[in-house]
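Just so you know, all these numbers are worked out from the coordinates, no wet-lab data involved. These figures come from a predicted structure and were not determined experimentally. Please note: Cβ atoms are built from the backbone with ideal geometry, for glycine as well, and neighbour counts cover all protein chains shown.
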Amino acid sequence: MIIASVAIYYASAGFRKDSFYNRLNNKARSSGMLILDATKIDAALVRKIERNNPDKLFDEKIIILNFADNVVYSTDDSSEIVITPAILKQIRNGNKVYYRQDRYEVLGTLYYTKYNRIVVLAAAIDVEGFEHLEKLRLILILVCSISIFVFLIAGWFYSDRALKPISDVVNKVEEITITSLNLRLNEGNGTDEIGRLAKTFNRMLERLEKSFAMQKDFIANASHELRTPLTSISGQLDVLLMKDRSIDEYKAAVSSVLDDTRALIDLSNRLLLIARTSAEGPLNYRKNIRVDEIIWQAREELLRYNPLYKINIVMGESFTDMDQMIVGGDEYLLKVAMANIIDNGCKYSNDHRVNITLEHKVAHIEIVVEDQGIGIPEKDIHKVFQPFYRGTNAHPVRGSGIGLQLVNQIVTNYHGKVFLLSVEGKGTKVTVELPNKNMLENFSS
């Protein structure tokens with residue numbers, strides 16, 4: 001408002017000045033033409049004409065000088081208008097000169113014919129223009145002051161209402177702590193900026209609540225799983241130290257402790273892998289890996305420690321080029337995922353046999369691992385990907401319950417999918433879909 005008022009005032013002042021100088025210019029022009037057209041200068045006649053002019057300005061003064069800079073006509077009886085040589089020189093050079101002298105505004109210009117060159121100076125006081133400017137200044141000050149006062153009241157009222165949703169969000173957020181992650185912000189209509197902010201924050205709270213719940217369950221389950229082999233090792237060593245034993249008994253006890261230690265190491269490694277895949281997400285997208293080589297490496301490692309396993313690998317006819325077997329990812333993590341699936345199939349089958357089939361699809365590579373084992377009860381299928389959960393019929397077989405959860409985490413990190421189809425007593429079919437290299441690059445970009 002202040003800037004606008006100042007701009008209006010100075011624009012009006014400029015318009016007043018231009019308008020008044022135009023009137024002075026017209027006055028100087030009419031007086032000059034009258035002199036130039038007269039064959040003989042009659043000052044009394046010119047005065048009479050100017051006196052009866054309806055467009056006469058307030059306290060108007062007209063001064064006319066001939067080619068020798070002598071005053072040939074003047075209405076400035078009191079000599080209030082001072083004409084300096086510098087001003088005359090500018091006018092003689094053909095320039096129009098505008099300047100102020102006390103209250104007077106003066107315009108000087110040059111008129112000439114073939115035989116005569118005269119300088120005309122017109123001066124007057126723009127009383128009416130300055131009165132209008134003064135009134136305008138007063139109006140603008142009043143309007144600006146009243147408007148600013150109204151804006152202040154309205155701004156205070158409406159800003160309080162506008163900022164209230166943000167204050168509510170801040171107050172609600174301050175109530176949310178690690179023990180109250182179930183609380184949510186009011187999303188309002190959910191369409192304005194505050195609603196979208198609250199909705200985004202609620203989604204973040206949902207992820208945090210889920211992460212904290214998973215972390216809590218993970219810590220509880222991990223503590224339990226780690227305590228079991230440690231308690232077994234401690235108990236066996238305590239019993240072993242109670243009395244002297246034979247060499248065979250020492251060997252049997254040490255062998256049992258060694259098995260528990262290996263199980264503990266395996267569990268620790270799996271826990272570290274889960275933590276790594278959960279924290280880092282997808283890794284090494286640009287490293288090209290052949291799926292068939294990963295599976296063959298996993299097969300060799302499993303057979304090295306479990307010679308009774310029977311692992312058959314079949315390449316589907318859909319592969320027409322070796323490049324179709326390439327995916328992008330972390331070689332070690334993908335090998336761990338496939339080894340877990342194959343190990344589960346062999347471990348829970350009476351004949352320790354699994355059949356692996358690889359097929360090429362348009363956007364992904366499909367890996368199917370089938371066994372004829374004990375299967376998974378229908379009520380447990382949707383839970384087997386949870387950490388430390390084992391099917392009700394799997395307890396006779398030693399395991400940690402985190403293999404499938406680790407598989408799902410690794411495959412999901414690479415935008416893949418894991419499907420599980422199982423019938424209790426007949427076997428299980430695990431299907432892994434991994435995006436091919438081109439599709440994975442689209443995800444990463």
**Asked** Which order, highest average first, do 243-252, 404-413 follow once you tally other Cβ atoms within 10 Å for each residue and take the mean per peptide?
**Response** 404-413, 243-252
**Fill in**
In whole Å, largest first, the alpha carbons of the chain cover along the principal axes 152, 56, 42
**Asked** At a Förster radius of 25 Å, what calculated FRET efficiency corresponds to the Cβ-Cβ distance of Trp156 and Thr200, to the nearest 0.05?
**Response** 0.25
**Fill in**
The simple spin-label model distance between Leu230 and Val423, using points 7 Å out along Cα→Cβ, in nm, is 4.4 nm
**Cα gyration tensor shape of segment 88-129, rounded if a/c is under 1.5, else prolate or oblate by comparing a/b with b/c** = prolate
**Request:** For every helix of n ≥ 4 consecutive DSSP H residues, a contribution of -39,500 (n - 2.57) applies; sum these over the chain, divide by its total residues, and give [θ] at 222 nm rounded to the nearest 500 deg cm²/dmol.
**Result:** -18500 deg cm²/dmol
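Hey, can you rank 229-236, 342-349 by average C-beta count inside 10 Å, highest first?
342-349, 229-236
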**Message:** Calculate the FRET efficiency for Met315 and Leu208 from the Cβ-Cβ distance with a Förster distance of 41 Å, rounded to the nearest 0.05.
**Reply:** 0.40
**Fill in**
Length-normalised contact order of the chain, Cα under 8 Å, at least 6 apart, in percent, tallies to 10 percent
**Request:** With 5 Å bins from zero, work out the P(r) of segment 92-189 over every alpha carbon pair and list the percent per bin.
**Result:** 2, 9, 9, 8, 7, 7, 6, 6, 5, 5, 5, 5, 5, 5, 4, 4, 3, 2, 1, 1, 0
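Taking 0.36 nm per residue of sequence separation and subtracting the Cα-Cα distance, how much length would be gained by fully extending the chain between Lys243 and Glu80, in nm to one decimal?
Once the chain is fully extended between Lys243 and Glu80, it gains 45.2 nm.
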**Item:** Mean Cβ count within 10 Å, highest first, over the residues of peptides 304-314, 95-105
**Value:** 95-105, 304-314
**Prompt:** Rounded to the nearest 0.05, what FRET efficiency do Asp59 and Ile146 have when you use their Cβ-Cβ distance and R0 = 45 Å?
**Reply:** 0.75
